[in-house]
1. What whole number of Å gives the distance from the Cα centroid of the range 138-201 to the Cα centroid of the range 34-102?
2. Taking a spot 7 Å from the Cα of residue 224 along the direction of its beta carbon, which residues of the range 182-216 have an amide N less than 12 Å from it?
3. I need the shape label for the range 71-164. Rule: rounded when a/c is under 1.5, else prolate if a/b > b/c, else oblate, with a, b, c from the alpha carbon gyration tensor.
4. Going by a ≥ b ≥ c, the root eigenvalues of the Cα gyration tensor, does the range 149-229 fall in the rounded group (a/c under 1.5), the prolate group (a/b larger than b/c) or the oblate group?
5. Taking square-rooted eigenvalues a ≥ b ≥ c of the alpha carbon gyration tensor, is the range 48-93 rounded, prolate or oblate, where a/c under 1.5 means rounded and, failing that, a/b exceeding b/c means prolate?
6. Can you tell me the relative contact order of the range 122-178? Whole percent, Cα pairs under 8 Å, sequence separation 6 or more.
7. Got a sec? How would 187, 118 order by Cβ neighbour count within 10 Å, fewest to most?
8. Multiply the residue separation of residue 128 and residue 179 by 0.36 nm, subtract the distance between their alpha-carbon atoms, and state the gained length in nm to one decimal.
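Just so you know, all these numbers are worked out from the coordinates, no wet-lab data involved. Just so it is clear, the structure is predicted and the values come from calculations on it, not from any experiment. All Cβ positions, glycine included, derive from the backbone under ideal geometry; neighbour counts span all protein chains shown.
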């Protein structure tokens, strides 16, 4: 992280000095994955992505269970379209540090977005991958309950399940409503889930709280559905 900040703030001369410093550190501490990771982060921020990835790969050889390094390699794998490799890197990162919410979130995103490309013996179809993504989104929320991005991803994933647990989905949207500044978005979805559960009075009550004009059209359509169904 410090290397990233330095790279963002440094001028050309400072960049050259930092490159020499990192080269010296790599030589002095050849078995320290944290040093190599710092160098890779610096290279990435300066735009030298190829060298950054090679440096992370060297760090991985030194410490195959370094979650920070694996997370970086996972992000690069996604960027170049190697989604299976990305999923493997993120899965290893989770194994190395299961209490890191961002690793669960990254893995869940890859598994959800590229579910059609990630079938294997344990996950023979896309639905099983969606279920797995839901589990890891849930874990990310458990570990960081005030993170609205994690909470929203978890709640939205229920809509993609073939047989959603709508009670669990309702709790997920209610949690998002509690922690998010975009409460009207959560309230609209709370109303939708109440409709799935057949709770018309609760759906009406949720919609009645929606005030943002940009949700007026959706609010109107949902209100019509409540009365029609």
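1. What the calculation gives is 31 Å, centre to centre.
2. Nothing falls inside the zone, counting backbone N under 12 Å.
3. Numbers: a/c = 1.70, a/b = 1.04, b/c = 1.63.
Oblate, because a/c is 1.5 or more while a/b does not exceed b/c.
4. Working: a/c = 1.84, a/b = 1.14, b/c = 1.61.
The shape class here is oblate.
5. Oblate, because a/c is 1.5 or more while a/b does not exceed b/c.
6. Details: 39 pairs, mean separation 17.8, N = 57.
In percent, rounded to a whole number, it is 31.
7. Taking fewest neighbouring Cβ atoms as first place, the list is 118, 187.
8. Separation in residues times 0.36 nm, less the Cα-Cα distance, equals 15.4 nm.
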